[in-house]
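*Asks:* Starting off with a structure, shown below.
The values are calculated or read from the model by the stated rules, or taken from the named source; none is laboratory data. Everything numeric here is computed off the predicted structure, so don't read it as measured data. For neighbour counting, all protein chains shown are included, and Cβ atoms are generated from backbone atoms with ideal geometry for every residue, glycine included.
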Amino acid sequence: MKKSIVSAALLIPALAFAADRLNVKTGLWEITTLTATQGIPELPAEVKGKMTPEQRAKLAAVFQSSAASPHRNVSKECITEKDLEQPFKPNDDGNCTSTVVKSTGTSQEINVSCTGEHASSGKMRISTPTSESMTGDLEFQAGNGGEMTIKTQIKGRWLGASCKGAAD
């Protein structure tokens, strides 16, 4: 299964969003994300057609329940010089395009649009008030009709120059 735009967007080194690189230190970063969802993801027609009304209602209840409690994730990521120089690439399948709206050494804003099986669109904003800290937010509408909204808050802090302990 291919990575969705959201999972790819949350994989830091996403600090490297655009041509103008952010002024952040390389090395080990602790990244904390808080993700909330609303709505139900678009299901393929062949799956939806095989579900009973009761199954669809149960699925809707599961997504409503998860929307009530945002998911928190803390990871350790290695940011390298190469990561800071590469443009943001939302996924591997070539169905996404990104447009830099704003890019300075301390902030970046990028619009992303994806077509195909996992159509979505959204905006990412990153702020780096110091070279050792960052905050950001992501907001995506997934599905051709925006059936699901995904909002993520990001906080990061630099832990040190060595990447020992980083996630693979």
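*Asks:* Determine which member of the set THR135, THR128 is closer than 16 Å to THR32 by Cα, assigned to a strand (DSSP E or B) and touching a Leu at 6+ places or on another chain (Cβ under 9 Å). It would help to see each step written out before you state the result.
*Replies:* Numbers: THR135 fails: touching a Leu at 6+ places or on another chain (Cβ under 9 Å).
When all the criteria are applied, what remains is THR128.
*Asks:* Here's something else I'd like to know. Residue check, LEU28 against (1) closer than 30 Å to ALA161 by Cβ; (2) surrounded by fewer than 18 Cβ atoms within 10 Å (Cβ to Cβ); (3) modelled with pLDDT of 70 or more; (4) not small (Gly, Ala, Ser), all met but one. Which one?
*Replies:* Against the list (1) closer than 30 Å to ALA161 by Cβ; (2) surrounded by fewer than 18 Cβ atoms within 10 Å (Cβ to Cβ); (3) modelled with pLDDT of 70 or more; (4) not small (Gly, Ala, Ser), LEU28 comes up short only on (2).
*Asks:* Whether any residue in region 91-100 is part of a strand (DSSP E or B), in contact with a helix residue (DSSP H, G or I) (Cβ under 7 Å, 6 or more places away or on another chain) and modelled with pLDDT of 80 or more is what I want to check. Quick ask: steps written out before the conclusion?
*Replies:* Within region 91-100, the subset part of a strand (DSSP E or B) is 96-100.
Those still in the list that are in contact with a helix residue (DSSP H, G or I) (Cβ under 7 Å, 6 or more places away or on another chain) too: 96.
Among the residues that remain, those that are also modelled with pLDDT of 80 or more are: 96.
Yes: region 91-100 contains one or more residues that are part of a strand (DSSP E or B), in contact with a helix residue (DSSP H, G or I) (Cβ under 7 Å, 6 or more places away or on another chain) and modelled with pLDDT of 80 or more.
*Asks:* Ok, one more. Just need a number here: residues in region 55-73 that are touching a Leu at 6+ places or on another chain (Cβ under 7 Å) and surrounded by 12 or more Cβ atoms within 10 Å (Cβ to Cβ). Step through it out loud before you land on a result.
*Replies:* Keep residues of region 55-73 that are touching a Leu at 6+ places or on another chain (Cβ under 7 Å), which gives 70, 72.
Going one step further and asking which of them are surrounded by 12 or more Cβ atoms within 10 Å (Cβ to Cβ), we end up with 70.
Result for region 55-73: 1.
*Asks:* Another question, then. In region 138-151, what residues are assigned to a strand (DSSP E or B) and either of a type in the set (Asp, Glu) or modelled with pLDDT of 95 or more (or both)? Full working, then the answer.
*Replies:* Here is the first cut: in region 138-151, the ones assigned to a strand (DSSP E or B) are 138-142, 148-151.
Hit for region 138-151 is GLU139, nothing else.
*Asks:* For region 58-84, enumerate the residues that are hydrophobic (A, V, I, L, M, F, W, C) and modelled with pLDDT under 85. It would help to see each step written out before you state the result.
*Replies:* Initial filter on region 58-84 (hydrophobic (A, V, I, L, M, F, W, C)): 59-63, 67-68, 74, 78-79, 84.
Hits for region 58-84 are LEU59, ALA60, ALA61, VAL62, PHE63, ALA67, ALA68, LEU84.
*Asks:* For region 19-88, which helices (runs of 4 or more DSSP H) that fit wholly inside it have 2 or more residues that are farther than 25 Å from GLY122 by Cα and without any contact (Cβ under 8 Å) to a residue 40 or more places away in the chain?
*Replies:* Details: elements: 45-50, 53-68, 81-85.
Filter on region 19-88 gives 45-50, 53-68.
*Asks:* Return the residues of region 128-157 that are touching an Asp or Glu at 6+ places or on another chain (Cβ under 9 Å) and surrounded by fewer than 19 Cβ atoms within 10 Å (Cβ to Cβ); say none if nothing qualifies.
*Replies:* Initially, region 128-157 is screened for residues touching an Asp or Glu at 6+ places or on another chain (Cβ under 9 Å), giving 141-145, 147-157.
Once the filter is applied, which keeps residues that are touching an Asp or Glu at 6+ places or on another chain (Cβ under 9 Å) and surrounded by fewer than 19 Cβ atoms within 10 Å (Cβ to Cβ), region 128-157 yields GLN141, GLY143, ASN144, GLY145, GLU147, THR149, LYS151, GLN153, LYS155, ARG157.
*Asks:* For region 120-145, which residues satisfy the criterion of being without any contact (Cβ under 8 Å) to a residue 60 or more places away in the chain and either among the charged types (D, E, K, R) or over 20 Å from LYS25 (Cα atoms) (or both)? Reasoning before the result, please.
*Replies:* The initial filter retains those residues of region 120-145 that are without any contact (Cβ under 8 Å) to a residue 60 or more places away in the chain, namely 121, 123, 125, 127, 129-130, 133, 135-137, 139, 141.
SER121, LYS123, ARG125, ASP137, GLU139, GLN141 - these are the residues of region 120-145 that are without any contact (Cβ under 8 Å) to a residue 60 or more places away in the chain and either among the charged types (D, E, K, R) or over 20 Å from LYS25 (Cα atoms) (or both).
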